[in-house]
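The values are calculated or read from the model by the stated rules, or taken from the named source; none is laboratory data. Just so it is clear, the model here is predicted, and its values are computed rather than measured. Here the Cβ positions follow ideal geometry from the backbone for every residue, glycine too, while neighbour counts run over all protein chains shown.
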Amino acid sequence: MRSTFANAMVAKPLNRALALLMLLGAALPVAAQTVVDDAWVRATVPHQASTGAFMKVTASSDSTLLRVESPAAKTVQIHQSQMKNDVMSMQPVSSIALPAGKTVMLEPASYHVMLIDLVKQVKEGDEVPLTLVVEDAKGQQERINVVAPARALNMPDHDHMPDHAHMSGHMHME
Amino acid sequence: MTDLLTRRQVVAGISLLGLGALVGCDSSGSLSFKHGKDMSNQILGRSFKLKDPQGNEITLSSFRGSMPMVFFGFTQCPAVCPTTLARAVQIKKLMGKDADFLQVIFITLDPERDTPEVLDAYVKAFDPSFVALSGTLEETAQTAKEFGVFYEKIPSGDTYTLSHTATSYVYDSRGVLRLGLSHSLSAKECAEDLLTVMEVC
């Protein structure tokens, strides 16, 4: 827990720089690097059992997001929302394709991470540790630790949704 | 005594004014909205009976005199529910002094998990004036049917999530259904249409 938190102390804008440093610093040739930006979790009210986590994921080579882990919840799943005829439909997906160099948005109106059976209430400003498990085309797995700050439950992000929903329409589901 | 009488006269005057406004109401005609869907010719949600978190029985007529905006969802909803409620907060800001007239009502489609306490805390985290309603599974199903709201449990491992209609239904102050607001509309677009509802009644 401690070390994960320490990792996450690095502010969001530094993630890319950090990833670059890691690339440069790696003595061995690294098969793939995945960068996670702007991760956040929606805060909850007391006794609310689950919430969503959102972020931008960019893999350097064709990869797959296999799963997400977090000590904040007993169950972590990847879901996909889709809006059709003003009906929002949800479904769990087994993985998300991460095409090389393409930023995949994990956001309310598209793919997102569900933190189910939360260990405790997520309050605005809390830092929620998340670990993304990504596999590249050669079957090599990497684990990316991020810390997602909790944003207010009532944060209005609606106005950004249509654009992102459009973008995510090009992504493929495994 | 004189004070009391005066107050009564004032109240009577206000009532008369209110009647005048009612006479001006066009209850039958359809409305033209810039963004939302005119639902003036549809009869939905007239007979639901649910409970607020305090256990009071609530029907549509409980909101007579205000402009109810009804939305269905569940608190474990990651996307459409918080964004719709956050949009309602923005709508109220845009409506300025008319905002008090709008009554936001959130009906849970997940009464099994949404206890009255969670529901109340959830809607009030957005705005203290928002009201949450719930019923038994049967009452929930009946209410959704009455509104033509689609919802479906989607199993997901040991748990489930819900797919559901994301439309907000708006009534005029006399309980006549007027407007359907899609989730894709912005707060500004919604506010414009809500002012149209207010002009009618």
- prompt: In the set B:L109, B:L102, B:L94, which member is modelled with pLDDT of 95 or more and within 26 Å of B:I154 (Cβ to Cβ)?
  reply: B:L109
task: Would you point out the residue of the stretch B:171-194, among those that are within 14 Å of another protein chain (Cβ to nearest Cβ) and in contact with a Gly (Cβ under 9 Å, 6 or more places away or on another chain), that is farthest from B:L85 (Cα to Cα)?
output: B:L179
task: Taking the options B:L162, B:L109, B:L119, name whichever one is in contact with a Lys or Arg (Cβ under 7 Å, 6 or more places away or on another chain), closer than 27 Å to A:Q77 by Cβ and of a type outside the set (S, T, N, Q).
output: B:L162
- request: Might you check whether a residue that is more than 11 Å from every other protein chain (Cβ to nearest Cβ), in contact (Cβ under 8 Å) with a residue 60 or more places away in the chain and surrounded by fewer than 21 Cβ atoms within 10 Å (Cβ to Cβ) occurs anywhere in the stretch A:71-80?
  value: yes
query: Out of all the residues in the stretch A:53-71, which are over 14 Å from A:R143 (Cα atoms) and within 8 Å of the chain's Cα centre (by Cα)?
result: A:A53, A:F54, A:M55, A:K56
- request: Spot the failing condition for B:C77; the list is (1) at pLDDT 95 or above; (2) crowded, with 18+ Cβ neighbours inside 10 Å, and only one is missed.
  value: (1)
message: What pairs come out if I take residues in the stretch B:169-188 that are closer than 12 Å to B:M69 by Cβ and at pLDDT 95 or above and pair them with residues that are of a type in the set (F, W, Y) and assigned to a loop (DSSP other than H, G, I, E, B) whose C-beta lies under 8 Å away, six or more apart or interchain?
response: B:L179/B:F33
- prompt: Applying the selection to the stretch B:135-166, what residues are touching a residue at least 24 places away in the same chain (Cβ under 8 Å) and within 10 Å of chain A (Cβ to nearest Cβ)?
  reply: B:V149, B:Y151, B:T161, B:L162, B:H164, B:T165, B:A166
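Restricting attention to the stretch B:144-197, report how many residues are part of a helix (DSSP H, G or I) and surrounded by 16 or more Cβ atoms within 10 Å (Cβ to Cβ).
Restricting attention to the stretch B:144-197, the residues satisfying the condition of being part of a helix (DSSP H, G or I) are B:144-147, B:187-197.
Subset that is surrounded by 16 or more Cβ atoms within 10 Å (Cβ to Cβ): B:144, B:147, B:187, B:189-194, B:196-197.
Qualifying residue count for the region: 11.
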message: So the check is Cβ under 7 Å with 6+ separation or different chains; which pairs have a first residue in the stretch A:140-163 that's at pLDDT 95 or above and a second one that's of a type in the set (K, R) and surrounded by fewer than 17 Cβ atoms within 10 Å (Cβ to Cβ)?
response: A:A150/A:K123
- prompt: Yes or no: B:A88 surrounded by fewer than 20 Cβ atoms within 10 Å (Cβ to Cβ), modelled with pLDDT of 95 or more and closer than 24 Å to B:L179 by Cα?
  reply: no
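Take the stretch A:91-107 and flag every residue that is more than 11 Å from the chain's Cα centre (by Cα) and either within 13 Å of A:R42 (Cα to Cα) or within 12 Å of chain B (Cβ to nearest Cβ) (or both). Show your work before the answer.
So in the stretch A:91-107, the residues more than 11 Å from the chain's Cα centre (by Cα) come out as A:91-95, A:97-103.
Listed by number, the residues that qualify are A:Q91, A:P92, A:V93, A:S94.
To keep it simple, each residue is scored yes or no on (1) within 14 Å of another protein chain (Cβ to nearest Cβ); (2) in contact with a helix residue (DSSP H, G or I) (Cβ under 9 Å, 6 or more places away or on another chain); (3) modelled with pLDDT of 95 or more.
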| site | (1), (2), (3) |
| --- | --- |
| B:K49 | no, yes, yes |
| B:E57 | no, no, yes |
| B:R64 | no, no, no |
| B:M69 | no, yes, yes |
query: So which residues in the stretch B:47-67 are closer than 18 Å to B:L109 by Cα and surrounded by 14 or more Cβ atoms within 10 Å (Cβ to Cβ)?
result: B:F48, B:K49, B:L50, B:K51, B:D52, B:P53, B:I58, B:T59, B:L60
message: With closer than 30 Å to B:K37 by Cβ and among the aliphatic types (A, V, I, L, M) as the only criterion, which of A:M88, A:M55 stands out?
response: A:M88
query: Pairs under 7 Å by beta carbon, first residue more than 13 Å from chain A (Cβ to nearest Cβ) and part of a strand (DSSP E or B) in the stretch B:87-110, partner surrounded by fewer than 21 Cβ atoms within 10 Å (Cβ to Cβ) and among the small types (G, A, S), six or more apart or different chains?
result: B:Q103/B:S66
